[in-house]
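Here's the structure, in structure tokens; my notes come after.
The values are calculated or read from the model by the stated rules, or taken from the named source; none is laboratory data. As the structure is a computational prediction, the values presented were derived from the model and not from experiment. Cβ placement follows ideal geometry from the backbone for every residue including glycine, while neighbour counts extend to all protein chains displayed. Side chains included, ligands, DNA and RNA excluded: accessible areas come from the protein's heavy atoms. Shrake-Rupley method; radii C 1.70, N 1.55, O 1.52, S 1.80 Å.
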Amino acid sequence: MKKKIAVLICGWSTYFIKDFIAGMSRAIKDNNIDLYIFNAYNYTEYSGFLNYTGFSIFSLIHYEDFDGVIILSDLIENIRILEKERQKILKAGIPAIAINKALNGLSCIRVDNYTGLYEMMEHLIKNHGITDFGFISGKETSVDIAERYKAYRTALTDNQIKIEINQTYSIKACDYHSAYNFFSEKVKSGEHIPQAIVCANDLIALAVEKVASENGIKIPEQLKVIGYDDCSFASCVNPGLSTVKNNIEQVGFEAVNRVLNGDSETHHFKIKSKPVFRESCGCTAQNEANKDKTLLNFLDEGQKKEEFDTHMELLSEIFMEAVDVFTLLTNIEAYIAKSHTFEGSDFCIFMKSDWTSVLINSAEKLPQNLSYGEQVQSICSIQGGIKYPREMISTRELIPSKMKTDESNIFLFIPIFNHSYVHGYFVCKNNLSMIENHYGYVWTRTMGTSIEHFRKKNMYKQMSNEYQRLSTRDALSGMLNRAGFERLVKPFYAQNKKNGLTTVIFFVDINKMKTINDNFGHLHGDLAVKTVSASVLEVVPKNWMCVRYGGDEFLVVGNSRNYNGEDYCQKIKERLAAKTAVMKLPYLLSASVGSYTVPANSELTLEQAVENADSSMYYQKQSFHKAN
């Protein structure tokens, strides 16, 4: 039976994850094993809220359904999330390994961040005679960075070199832009620049090289720069970046093997790192046979990113332009079925079973909901490049049955959410492009934000429709008011003419309304209005326009499409008589009704036609008054 390993990651460290997965891939090849990688991203929203909603993807995992777990604990910085998953893993009683950060009760494999940097420091001191050092790192509390700094300090101490605290720099974050801004300001200030700057990672080192180049500081003659990670750019820059390489691929390979062959005892292992000497420390680059290939890959990535950005823009436009849920689902499916380079040839976009009702939810803000529910529905399913019908599956199944094959596969899961509301998830097979260059993060943020934009657009549309309904509706009678006459009835009349339809108009006036108000009060007057208007609305076709034209006057405008000469004048009177017969009113409630027909080719305005209907009604009213 095929074995399954769950892998929990946070996708920001793309270089580490890419190499780690490469090692795991090597381990599962031809071994009848599937990897299920659950990838999340934490990020800070514009409001300053630190969003961990993406880690809800871990709630899809039923650990008892897996044969082992690998958790990249050092990348998942939230202690509460780590503890929650640790307890669930231990309860399931399956083999598990944490990477780089030990979790109580779980085995741990760690990258040796110490040895490689210590050897690099020894090389700088003994081979290049450096005695003046600086160290730059971000404010992150990573175990990796702490070990690298420890190696830096220990090497200086072992060689009787004073540690200059004011040359240990703590910048905002371990990223390129933070480092670039920091070092630019330092150079501009005229402060002392050490002989060598050791950086917590390659991104910081590359930023230092860039600033040095812009300010005429020669590397390595005036400044030696050391990085860490040996990222793909390290060998491409000029001068090439001296750095330290962690054997991350071997860590991934060992993690899979030790999970599958693990015992009940917990073990801790380390995979050694090693220095890579290039021009930035004053050495001649070692084996750089792949440098040209790396440069070409870099150019390809630039082109790929442009295509990805365009893909995301078009996907956003679908949400912006869709007028209803049906159109939205149809257009998303049609577009992605045609253009899915980044999603891959085998993938599904799953949404929660109540997703369509959420799209028309008119709440200002959706409540927190981190559950995926019992079932999810695919809104787009592509297998082998072919679009399959939408289907509903149990959340516990995770993937549709047609995605499963006899070969070893890697399934990648990414959550789809906005703020603190989970909508669903994306899963693809044997396609890791979504975790390269943070494409997965951009994809899921775009989807989540676009869903919310569509929902808000629909909400505002509902509000606008309700406002228009209220602003054009007479509260007492339930009919249109005079504003509704202008906005709705006039266009209806014009459309009748355009469509070659005869317009039929009925004018209704309550008899002796003043007498009712004067003798029985305005509450009875209101009752009279409600009773007559209800009689009219119950008799005429539902798609005709009914207007409270004055205090006790009502107008009905229809057309010949559903009118076969019925005597609505009489029908309205009969319905009113039937209603008042059981009401036991202290007065006679009746109405006079007149009608007028306007041929499609008539040049009469609506107001003129209404006057004619009013005149017809007036003759009836005169007859009523003579008789009563």
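Before moving on, here are some points about what is shown:
- Of all DSSP-defined beta bridges confined to segment 317-436, some 95% are antiparallel rather than parallel.
- q = 0.16, 0.21, 0.26 Å⁻¹: log10 I(q)/I(0) that the Debye formula gives for segment 335-393, counting C-alpha atoms only: -0.61, -0.86, -1.02
- Relative contact order (%) - criterion: Cα under 8 Å, at least six apart; region: the chain: 12
- Converting phi to 3J(HN,Hα) with the Karplus coefficients 6.51, -1.76 and 1.60 and the offset θ = phi - 60°, segment 484-494 yields x, 4, 5, 7, 10, 6, 4, x, 5, 5, 5 Hz in sequence order, with x at every glycine or proline.
- This model, with +1 at the C-beta of Lys and Arg and -1 at the C-beta of Asp and Glu, gives the chain a dipole about its Cα centre of some 1740 debye.
- Rounded to the nearest whole Hz, the Karplus-based 3J(HN,Hα) values (6.51 cos²θ - 1.76 cosθ + 1.60, θ = phi - 60°) of segment 173-178 follow the sequence 7, 7, 10, 4, 5, 4, with x at glycine and proline.
- Among 225, 513, 600 the positive-end extreme of the charge dipole of the chain (Cβ point charges): 513
- For residue 369, residues with placed amide H under 5 Å, excluding near neighbours: 421, 422
- Farthest towards the positive end of the charge dipole of the chain, among the residues 39, 394, 583, is the Cα of 583, using unit charges on the Cβ of Lys, Arg, Asp and Glu.
- Applying a threshold of 23 Å to the alpha-carbon distances of 274/304; 84/270; 2/429; 461/530; 126/218; 4/272 flags 274/304; 84/270; 461/530; 4/272 as lying beyond it.
- Segment 348-429: mean projected area of Cα convex hull, nm²: 5.8
- Probe 1.4 Å, all protein chains present, accessible-area order of 192, 522, largest first: 522, 192
- Apportionment of accessible area to carbon and sulfur, segment 387-516, percent (1.4 Å): 52
- Only Lys, Arg (+1) and Asp, Glu (-1) charged, at Cβ; segment 352-426 dipole about Cα centre in debye: 120
- When all protein chains stay in place and ligands, DNA and RNA are ignored, the 1.4 Å accessible-area order of 533, 232, largest first, is 232, 533.
- Per residue accessible area of the chain, 1.4 Å probe, in Å²: 47
- For the chain, share of DSSP beta bridges that run antiparallel, in % to the nearest 5: 55
- When a 1.4 Å probe is rolled over the protein heavy atoms, the share of accessible surface on segment 56-162 that falls to carbon and sulfur comes to 49 percent.
- For the chain, radius of gyration divided by Kirkwood radius, i.e. Rg to Rh on alpha-carbons: 1.23
- Listed by chain and number, the lysines placed with their C-alpha closer than 16 angstrom to that of residue 338 are 387; residues fewer than eight positions away on the same chain are left out.
- Test item: Cα-centred dipole of segment 86-208, Lys/Arg +1 and Asp/Glu -1 on Cβ, debye: 600
- Descending semi-axes in whole angstrom, ellipsoid equivalent of segment 536-628, from the Cα gyration tensor: 25, 17, 11
- Summing charges over all other residues whose Cβ lies under 14 Å from the Cβ of residue 166, with Lys and Arg as +1 and Asp and Glu as -1, gives -1.
- Per-residue HN-Hα couplings for segment 449-456 [Karplus 6.51, -1.76, 1.60; θ = phi - 60°; Hz; x = Gly/Pro]: 5, 5, 4, 5, 4, 5, 4, 5
- Helix 568-581 axis, angle to the chain major axis (alpha carbon atoms, nearest 10°): 90
- Portion, in percent, of the accessible area of segment 561-628 that falls on carbon or sulfur, probe 1.4 Å: 48
- If you take the alpha carbon atoms of segment 479-556 and fit the smallest convex hull around them, that volume is 80 Å³ per residue.
- For residue 34, distant residues with modelled amide H under 5 Å away: 3, 4, 5, 409
- Spatially proximal aspartates and glutamates relative to residue 352 (Cα-Cα < 19 Å; intrachain offsets below 8 disregarded): 324, 333, 374, 391, 397, 452
- Residue 244 long-range amide H proximity, modeled H, under 5 Å: 227, 228, 229, 230, 276
- Our helix-only sum for the chain, with -39,500 (n - 2.57) per DSSP H run of n ≥ 4 divided by its residues, gives a mean residue ellipticity at 222 nm of -13500 deg cm²/dmol.
- Only one residue of 430, 563, 16 has its Cα farthest out toward the positive end of the dipole of the chain, where Lys and Arg carry +1 and Asp and Glu -1 on Cβ, and that residue is 563.
- Segment 13-151: relative contact order as a whole-number percent, Cα under 8 Å and 6+ apart: 15
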